[in-house]
Each structure stands twice: as C-alpha cells, then as structure tokens.
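Report on the following structure.
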Amino acid sequence: MRRPDPALAGDAIKDYPNLAAIPRGAWQGAIFGGKLYGIPIARTGTGGAGVYRHDLFEEVGVTSLDQITDLDRFVEVCKELTRPKKDQYAIIAGATAMLAMSAGAPSFWRLDEKTGKFTADLETPEYRKAVETARLLYKAGCYYPGTLQMSGAQKAQYTDMFKNGKGAYVYDGMPTYLAPGVGYIAAMKAIDKKYDPRPFVPVGRDAVAWMDNVALQNTHISKASGDRVKEILAFADFAASPFGSLEYTLINYGVEGRDFTRDAQGNPALTKQGTQDVTVPWKFAASAVPAIFSADSEQGVRHVHDTFTRMIPMMVPDPTLQYSSPTWDSKGSGSLGTLKGDALKDIISGRKPMSAYDQLVKDYLAKGGEKARGEFEEAFQKGKK
C-alpha cells in the first residue's frame with residue numbers, strides 16, 4: 001500500500017481544495033504510526049448526547065440545560081419528569097453514555113500524553129459515578145419499564161416510544177435528529193405541535209463531549225504510479241465537493257427531474273428513482289465537510305448548530321484514533337462491548353449490587369482489556385520514536 005501523504009503534503013494539498021477543507025480531527029483515523037494512509041469520510045466530530053423534550057423540562061422549571069449544574073440535580077429533575085399515571089417517564093432505554101459524558105468520563109480509553117498510560121473508561125471514578133447515577137435513576141422509577149433491556153437492534157422501537165410522548169429523554173445520535181420525514185422534528189410535530197424535541201448537551205461543570213463521530217471510514221489508495229495517485233486524489237476531491245455546490249447536488253441527489261425535484265424553497269427532494277440511484281459506492285471515495293441542513297425545520301437546524309457550538313469546545317480526543325491495537329479492533333465493540341453492556345444493565349437495574357462493578361472491571365481487563373492496553377501503550381511508544 002502506498003502512502004498518499006507525499007501527494008498531499010505541504011503546498012501539494014492546494015491542488016485538492018475540497019480535501020484540504022476536511023477538518024483536522026477527521027484525518028486522525030487515517031493516520032497509523034504517524035503516517036497518513038487514507039482519506040477520511042468526514043462526519044460531525046461528536047454524535048451528540050441524545051434528544052430531550054424541551055417542553056417537558058420547561059414544565060419542571062428547567063428552561064436551559066445550564067440550570068442542571070451536576071448529576072445530583074439531574075436526578076432531581078428526572079424524578080419530577082416521571083409521571084407513571086400519564087404513561088410518561090424521564091428516560092427511554094438507556095442514558096449511561098450521556099451520564100458518563102456529564103461526569104467527565106472518557107469514551108472507552110483515556111491517554112496520559114506525558115506517561116503514555118492508557119486507562120479504560122470502566123477504571124475511572126467518573127464512569128463509576130455515571131453508573132451509580134443510573135442506578136439511582138432506575139431505583140427511583142425514572143426509566144420507562146422494560147426499556148433498559150432493549151438492545152440497539154430495538155432502537156426503532158424505543159425511539160418511536162419517545163416520539164410518541166412516552167419519555168423526556170432518549171439517547172440517539174445527532175444525525176438522526178433532522179433526518180427528512182423520520183427525524184425527531186418532523187415526526188413529533190406530526191403527533192403533537194407542542195412537542196419540542198431538542199439535542200441534549202452533557203450537563204455539569206465537569207462535562208465533556210466524546211469525539212465519537214469523527215470519521216465514518218477511510219478510503220485507502222493502493223500502490224500505484226504518481227500519475228495514478230494524483231488521478232485518484234482528483235476524483236476524491238470531486239467527491240468531497242462542498243454542500244450546496246453543483247457537484248455535491250449531483251453526488252447526493254443525482255440528476256434533476258429524474259432523481260430529484262425541488263420544493264417551493266428550492267430544496268432538493270429525492271424521487272423514487274433517486275433513492276435507488278444515489279446508493280452508489282463511489283460517492284464514498286471522500287466526503288464534503290459536514291453541513292447542517294433540513295428542508296423541514298429552520299428552528300431544528302438552529303438547535304443543532306447551537307448544540308455543536310457548545311459541544312465542540314467540550315470534545316476530548318479519542319486516543320484509539322491515533323494508535324492501533326489488534327485486540328481492541330477485534331474485541332472492543334465485540335465480546336468486550338457485550339460483556340460491558342450486559343453487566344452494566346444488571347448493575348443499573350439492581351439485579352446485581354454496585355460491588356459487582358469491581359468484578360466487571362477485572363473481567364473486562366482479563367478478557368482483552370489489559371492486552372489491548374498493552375498494545376496501545378506499545379504503539380504510543382513507537383509513535384514517540
């Protein structure tokens with residue numbers, strides 16, 4: 001595999017202005033051993049911290065999330081938002097990730113740049129605090145009954161429960177908030193105009209935002225002649241054309257009149273043919289700098305923009321984007337993720353005591369976490385050299 005970085009280094013990047021516009025953070029996932037090996041499919045940096053009903057929070061006196069100064073106050077608010085007689089609860093499904101961000105916990109791993117030491121999220125007091133808070137919320141009856149046990153495969157089911165007014169908070173990614181037709185704004189306004197769903201921002205003075213939505217994946221360039229590499233990079237630059245350009249519209253909506261039409265405001269809308277035509281793989285050779293857009297709701301766009309404005313300065317780097325661990329690649333979101341998720345549900349629901357958390361940490365490290373740590377730390381030391 002040939003490194004594309006000589007063709008992009010220094011002034012050479014000027015030949016590819018659309019690639020040059022991709023945010024620096026998105027490139028991290030394409031760097032291995034300090035060398036650039038690919039072109040990222042850029043995303044929004046952070047996937048967000050869920051969605052909440054602003055109208056319900058206002059009913060209990062919270063007009064701004066800044067008023068929730070710590071997790072203890074969040075628990076109080078959730079108790080007020082839980083109204084079983086109305087079949088309405090504070091939380092649908094899970095909230096552990098949002099609580100962890102609010103506590104200041106890392107996403108999977110924390111790196112000490114001075115020592116090169118990696119610490120798993122479960123090992124941190126911040127993550128433990130988030131789990132303790134989740135237990136308090138569950139014991140207080142703040143979770144909609146039966147939803148804590150739902151898996152990601154049941155996401156459509158529990159997000160529909162939220163959209164239908166069953167809860168005040170649900171954990172979901174920011175990209176789905178403005179999705180045409182099925183996003184939270186459009187779907188909930190169709191049910192009840194008073195519903196006011198907005199993206200949630202982690203609360204409290206120690207809150208962070210996870211850099212968990214930096215890049216979808218990378219496009220790697222095989223070993224080839226210099227002219228061939230330049231040709232491929234030129235095509236990738238075309239695929240990364242900015243939002244609103246003719247090129248962007250062609251790539252994402254196809255040919256006007258056949259693949260898409262325009263509404264009264266000039267917004268493109270895919271036809272039935274268009275939904276099939278735009279599912280081409282070559283459009284993922286690269287991607288434009290992410291843009292916030294909705295043909296349905298100007299206010300929704302403003303909510304997302306305001307949320308990113310607050311969360312981007314809070315983002316903490318994900319060290320796993322810079323260093324490679326074969327064990328983590330194979331087990332991080334596989335067996336280790338399953339072990340962690342199942343054990344946390346048992347602890348949060350009270351089926352197991354909080355003391356089981358210590359055993360979870362031991363099991364997590366013994367079944368791959370410790371080996372992954374060693375591989376990450378070895379990669380860090382090699383990178384320094």
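The values are calculated or read from the model by the stated rules, or taken from the named source; none is laboratory data. Please read all numbers here as calculations on a predicted model, not as lab measurements. Every residue, glycine among them, receives a Cβ derived from its backbone with ideal geometry; neighbour counts consider all protein chains shown. The area values use the complete protein model at the heavy-atom level, side chains included, leaving out ligands, DNA and RNA. Shrake-Rupley method; radii C 1.70, N 1.55, O 1.52, S 1.80 Å.
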Q) So what is the accessible area of the range 188-239 per residue, in Å², with the probe set to 1.4 Å? A) 54 Å²
Q) Taking the simple approach of a point 7 Å from Cα along Cα-to-Cβ for both residue 338 and residue 382, what is their distance in nm? A) 2.9 nm
Q. Using the alpha-carbon centroid of each, what span in Å lies between the range 66-93 and the range 301-363?
A. 22 Å
Q. Given 20 °C and 1.002 mPa s, how large is the Stokes-Einstein diffusion coefficient of the range 140-296 in µm²/s, with Rh as the Kirkwood radius over Cα pairs?
A. 112 µm²/s
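Keeping all protein chains in place, calculate the accessible area per residue for the range 245-385 (probe 1.4 angstrom), answer in Å². Don't skip to the answer; put the middle values down first.
Working: 7930 Å² over 141 residues.
For the range 245-385, the per-residue accessible area is 56 Å².
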Q: Can you check what the Kirkwood hydrodynamic radius comes to for the chain, Cα pairs only, in Å to one decimal?
A: 22.8 Å
Q: Report, as a whole number in µm² per second, the diffusion coefficient that Stokes-Einstein gives for the range 229-352 at 20 °C and 1.002 mPa s using the Kirkwood radius over alpha carbon pairs.
A: 114 µm²/s
Q) What does the accessible area per residue of the range 5-102 come to in Å², with a 1.4 Å probe and no ligands, DNA or RNA counted? A) 41 Å²
Q: For the chain, with all protein chains present and a 1.4 Å probe, just round the carbon and sulfur fraction of the accessible area to a whole percent.
A: 53 percent
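Could you tell me which of the pairs 129/194; 362/382; 86/193; 114/331 are separated by over 30 angstrom between their Cα atoms in the structure shown?
Working: 129/194 34 Å; 362/382 28 Å; 86/193 18 Å; 114/331 27 Å.
In this structure, 129/194 lie more than 30 Å apart at Cα.
Which FRET efficiency value, to the nearest 0.05, do you get for residue 273 and residue 70 by plugging their Cβ-Cβ distance into 1/(1 + (r/R0)^6) with R0 = 45 Å? Can you show the working numbers first?
Working: r = 53 Å, r/R0 = 1.17.
Using R0 = 45 Å, I get an efficiency of 0.30.
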Q. Just from its helices, what would the mean residue ellipticity at 222 nm be for the chain, if runs of 4 or more DSSP H residues each count -39500 (n - 2.57) and the sum is divided by every residue, rounded to the nearest 500 deg cm²/dmol?
A. -11500 deg cm²/dmol
**Q.** Simple label model, 7 Å out from Cα along Cβ direction - residue 20 to residue 265, nm
**A.** 3.3 nm
